[in-house]
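The values are calculated or read from the model by the stated rules, or taken from the named source; none is laboratory data. Note that the coordinates shown come from a computational prediction; the quantities given were computed from them, not determined experimentally. Heads up, the Cβs are rebuilt from the backbone with ideal geometry, glycines too, and the neighbour counts pull from every protein chain shown. Ligands, DNA and RNA are excluded from the accessible area calculation, which covers all protein heavy atoms including side chains. Shrake-Rupley method; radii C 1.70, N 1.55, O 1.52, S 1.80 Å.
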Amino acid sequence: MAAVEKRRQAVAPPAGFTDSGRQSVSRAVGAAESEEDFLRQVGVTEMLRAALLKVLEARPEEPIAFLAHYFENMGLRSPVNGGAGEPPGQLLLQQQRLGRALWHLRLAHHSQRAAFNNNVSVAYECLSAGGRRKRPGLDGRTYSELLRRICRDGQAPEEVVAPLLRKVQCRDHEAVPLSVFRAGTLTCFVLLEFVARAGALFQLLEDPAAAVADRRVGQAVLDTLEGALQASDAAAPARFLEAGSRLGPDSLALALDRAVGGRRPSAPMTREEFLERAAALFIAKVKPVG
């Protein structure tokens, strides 16, 4: 019996080992749960989830830089930077809101309809936020300034975008609903892309040495583009790009052959004139606000 008792003592675990082990595991589990609860309570979990969804929507080439800009702009929502409490200077607050709205609008291309519409709603809410000196809602002054910023940042010539802005802007003190806000911002983004494509087309027509194109050739291309736009019954600005994309090689080649075959002397056409006239074809299809 004594030998059996000695063997039991030899294989038995040290005193308190089981209890202390269980206590350590319990403390670790409790700490993990409390950390998760803390992150959830302060909103970090939801914020990270939203950030990752934005990355999946935009699919940027540099996701880390994208996230850095995302969190930087998230800071503008805090009370210190213009959320519940306004910073000194109404102009500073307005510029912060415009910058953040522009950032959201550029997160996704307008062809990504669901993501773009969601970002438009976020930008609208950002500009519509109230404060101690501002009632909730978006006025025409802020809306028009946003449209000008979109076109200016898109590096489109002022004389090209000015006619469009006159069509889609609102009066300074007019209330701007979300539907008008979405239509105006979308139209500006589509025009910028339309002008960029027209610029690429002119580059194919121009003489590299003189930086101008033959007027007959440029006019033939503009006439073909006008015919494609007129044949499109769609009123949505994004459909204008689809109409322009139907300028296939065959139709363009036929138009160029007719132009070159003419015997009349031709004056040069500059890039500025070509872009302005191409944009005018686009703007003629846009319905004015109100």
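Here are the numbers for the structure shown:
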read-out: All positions within the stretch 165-176 that are in a helix (DSSP H, G or I) and buried (at least 21 other Cβ atoms within 10 Å of the Cβ); value: VAL168
read-out: Any hit, the stretch 177-186, residues being in a helix (DSSP H, G or I), touching a residue at least 24 places away in the same chain (Cβ under 8 Å), open to solvent by less than 30 Å² (accessible area, probe 1.4 Å) and over 28 Å from LYS54 (Cβ atoms); value: no
read-out: Restricting the stretch 88-109 to residues that are surrounded by 15 or more Cβ atoms within 10 Å (Cβ to Cβ) and over 20 Å from LEU52 (Cα atoms), the residue that is modelled with the highest pLDDT; value: LEU98
read-out: Unique residue being under 23 Å from LEU281 (Cβ atoms), part of a helix (DSSP H, G or I) and in contact with a Ser or Thr (Cβ under 8 Å, 6 or more places away or on another chain) when the list is LEU147, LEU191, LEU127, LEU201; value: LEU147
